[in-house]
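The values are calculated or read from the model by the stated rules, or taken from the named source; none is laboratory data. This structure is a prediction, so every number in the text was calculated from the model and none was measured. Here the Cβ positions follow ideal geometry from the backbone for every residue, glycine too, while neighbour counts run over all protein chains shown.
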Amino acid sequence: MFKVVKGRVQSSLTQGKESNKWFSVPGEPGYFTLSLTLLSKDKTKNSSPQAKRKNNKPIKPPQPKEIPMLKVYEGQFLINALSTFLEQNAGKVFNVSEVITGIYGELNAADIREVRNKVLNELSREYRTGRFSRVTNQIGFYTWDYKLVNE
């Protein structure tokens with residue numbers, strides 16, 4: 001369980017760093033901060049002058065659009081909604097688009113683009129950890145447990 005949680009935390013930290021939601025502390029691997037200006041001068045001494053100028057500007061990261069899930073899954077984390085959906089439909093096979101429709105309902109193209117990667121990433125991650133099954137020889141098809149699928 002620790003490995004799974006550690007992987008998720010590391011993934012979230014990396015994604016947040018890449019989208020400028022927070023920064024890694026110079027010279028301190030594994031340490032993060034919301035703003036480099038919050039650090040003492042000796043912590044940021046090794047950072048470049050260019051980075052210092054860049055960090056003086058207020059950062060306003062783009063806020064991802066919140067796409068509401070169907071009422072059944074409302075308030076759940078995506079992974080929990082995926083688990084519930086696939087478990088309730090054990091024995092059935094779904095592609096990513098069908099999973100999105102099953103959790104979010106009918107969406108327009110922009111909303112689908114917004115959630116598609118999130119859903120696909122969670123499905124792939126949980127397949128690797130053994131929580132879900134992927135259909136053999138078919139890319140992008142998932143099920144709760146492949147043993148339950150009638151071939």
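Computed values, structure above
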item: Condition check for SER124: of a type in the set (S, T, N, Q), in a helix (DSSP H, G or I) and modelled with pLDDT of 85 or more; result: no
item: Complete set of residues in the stretch 100-114 that are touching a Phe, Trp or Tyr at 6+ places or on another chain (Cβ under 8 Å) and aliphatic (A, V, I, L, M); result: ILE103
item: Residues within the stretch 87-113 that are assigned to a helix (DSSP H, G or I) and either of a type in the set (A, V, I, L, M) or exposed (fewer than 14 other Cβ atoms within 10 Å of the Cβ) (or both), tallied; result: 11
item: Within the stretch 1-34, considering residues that are among the charged types (D, E, K, R) and exposed (fewer than 14 other Cβ atoms within 10 Å of the Cβ), the one farthest from ARG131 (Cα to Cα); result: GLU28
item: Residue ID - farthest from ARG125 (Cα to Cα), chosen from residues in the stretch 1-34 that are without any contact (Cβ under 8 Å) to a residue 12 or more places away in the chain and not in a helix (DSSP H, G or I); result: THR33
